[in-house]
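As structure tokens, the structure follows; a few thoughts come after it.
The values are calculated or read from the model by the stated rules, or taken from the named source; none is laboratory data. As the structure is a prediction and not an experimental result, all values here were calculated from the model. For neighbour counting, all protein chains shown are included, and Cβ atoms are generated from backbone atoms with ideal geometry for every residue, glycine included. The protein model used for the area step is the full one, side chains on, heavy atoms only, and it has no ligands, DNA or RNA in it. Shrake-Rupley method; radii C 1.70, N 1.55, O 1.52, S 1.80 Å.
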Amino acid sequence: MKIDYKKELNPAQLKAVESTEGAYLVIAGAGSGKTRTLVYRVAYLVEKGVRPDHILLLTFTRKASEEMLRRAAKLLDDRCERVAGGTFHSFANMVLRKYAKLIDFPNNFTITDESDAEDAVNIVREKLGLGHLEKRFPRKGALLDVISKSVNKSEDIGSVLALEYPQFAEWEGEIKRIKDGYIKYKREKSLMDYDDLLVFLKKLLHDHKDVREKLSGQYKYIMVDEYQDTNKLQAEIVRLLASGHGNVMVVGDDSQSIYSFRGANFENIIDFPKVFKGAKVIMLEENYRSTQPILDLTNEVIRNAEEKFEKTLFTKKGAGKAPVFVEARDE
């Protein structure tokens, strides 16, 4: 092989790169070379003879996937740039443009940005005669937030209000009507918002076995970055896409989940071995960013988590100063 993987990677990273058949959960502690591992795995698959268009790399941002594929191409050759890479939303858009008619949408549907989505919610609110309510009725932005959280968490409006927007709980019935009207309005205008891209991709994969099998046959090796920040819809999309082969590697850190406010579900990473029976867990614990006293503190903090994958971060860097706790008077 052109690349000396054993020389370039530590043993845990090498195991993740060379483990290609089956389901794998890579728990990548902070500063442990997660991106490097994904980059080398893309190169490894291509160098082993896997067609680039049979590899799917799903990342949190478009910039992240572009950077990873560029780095893989620099390591190996430009075949790596032909790997299918992008966000869940961009992948969903690509697939739905081809199969939209199966879910009763035209292929030239329009994707609304957040501002347009808020305006659409407001139009529905006005049509329902709820435009001039006082007494803390949520504005269009808050309404869209509640509706979006309901979609991304796969929960009903009542549950979302009770847990996160108790100040609007008395308006549950009205908000449900607005949500239903918003869904109908988008259908009539051939519109999708960002949440719809995930909703309808999941629906397409779930309801149409032939499409699911075709896409699973196309993308024989699936990788997902930042899996701790996926929501229920995204986790289900991954399961359906991998249903034909089970070759899926998700990478993330159960100790770094920070996007629950956007509907991310920390339990996706915890439950991965249950969803993909026989999945193997690989730990990336060697840290390249911090000194050991900082990692000692980190390990103690992580140890107190009720739900977690046991890991101990370590470094080969020399000893450094102990962390200091500072209680500031103000910002």
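Evaluate the distance, in nm, between pseudo-label points positioned 7 Å from the Cα of D156 and of D207 along their respective Cα→Cβ axes.
For D156 paired with D207, the spin-label model returns 2.2 nm.
Where does helix 114-127 land angle-wise versus the long Cα axis of the chain, in degrees 0 to 90, nearest 10?
Roughly 20 degrees between the two axes.
For helix 172-189, report the angle its Cα long axis makes with the longest principal axis of the Cα atoms of the chain; keep it between 0 and 90° and round to the nearest 10°.
Tilt relative to the chain: about 80 degrees.
Rounded, prolate or oblate: which one fits the chain, using the alpha carbon gyration tensor with axes a ≥ b ≥ c (rounded when a/c is under 1.5, else prolate when a/b beats b/c, else oblate)?
Working: a/c = 2.37, a/b = 1.35, b/c = 1.76.
Because a/c hits 1.5 or more and a/b fails to exceed b/c, the chain counts as oblate.
For D296 and M1, compute 0.36 nm times the residue count separating them, minus their Cα-Cα distance, and round to one decimal in nm.
Length difference between fully extended and current span is 102.4 nm.
Could you sort 271-278, 34-41 so that the peptide with the highest average Cβ count within 10 Å comes first and the rest follow in order?
34-41, 271-278
Enumerate by residue number the GluC sites (Glu not before Pro) in region 239-318 meeting two conditions: DSSP loop (anything except H, G, I, E, B), and at most 12 other Cβ atoms within 10 Å of the site's Cβ. Show your work: numbers first, answer last.
On the way: sites: E267, E285, E286, E300, E306, E307, E310; in loops: E285, E306, E307, E310.
Filter output for region 239-318: E306, E307, E310.
Rounding to the nearest 20 debye, state how big the charge dipole of the chain is about its Cα centre with +1 on each Lys and Arg Cβ and -1 on each Asp and Glu Cβ.
Charge dipole of the chain: 1100 debye, to the nearest 20.
For M192, enumerate residues with amide H under 5 Å from its amide H, sequence gap 5+ or separate chain, H modeled in the peptide plane.
Amide H neighbours of M192, under 5 Å, 5+ apart: T110, I111, T112.
State the Cα centre-to-centre distance between region 141-197 and region 46-67 in whole Å.
Region 141-197 and region 46-67 have Cα centres separated by 34 Å.
Under 5 Å between amide H atoms, partner at least 5 residues away or on a different chain: which partners does V50 have, H built in plane at 1.01 Å?
For V50, no residues qualify.
If ligands, DNA and RNA are left out, what is the accessible area of S216 with a 1.4 Å probe, given in Å² to the nearest 10?
For S216, solvent-accessible area is about 0 Å².
Quick check: pseudo-label points 7 Å beyond the Cα along Cα→Cβ at T35 and K127, how many nm apart are they?
Taking the two extended label points, one gets 4.4 nm.
Taking the Cα atoms only, what angle lies between the long axis of helix 232-241 and the longest principal axis of the chain, rounded to 10 degrees?
60 degrees
For the chain, set up a Gaussian network in which alpha carbons nearer than 10 Å are linked by springs, and say which option among D193, D254, D113 fluctuates the most.
D113
Could you give the dipole magnitude of region 187-331 about its Cα centre, charging the beta-carbon of Lys and Arg +1 and that of Asp and Glu -1, in debye to the nearest 20?
Roughly 620 debye for region 187-331.
Would you kindly derive the ³J(HN,Hα) couplings of region 158-163 from the backbone phi angles with the Karplus curve 6.51 cos²θ - 1.76 cosθ + 1.60 (θ = phi - 60°), listing them in order in whole Hz, with x for Gly and Pro?
x, 5, 5, 5, 4, 8
If D53, D229 are ordered by their accessible area, calculated over protein heavy atoms with a 1.4 Å probe, which sequence runs from highest to lowest? All intermediate terms of the calculation are to be shown ahead of the outcome.
On the way: D53 55, D229 15 Å².
The ranking, largest first, comes out as D53, D229.
Length gain on complete extension for the stretch D78 to I258, per 0.36 nm per residue less the alpha carbon to alpha carbon distance?
Once the chain is fully extended between D78 and I258, it gains 61.4 nm.
Can you put H132, H54, H89, H206 in order of accessible area, largest first, using a 1.4 Å probe? List each step's numbers first, then the result.
Values: H132 160, H54 30, H89 60, H206 110 Å².
The most accessible residue leads, giving H132, H206, H89, H54.
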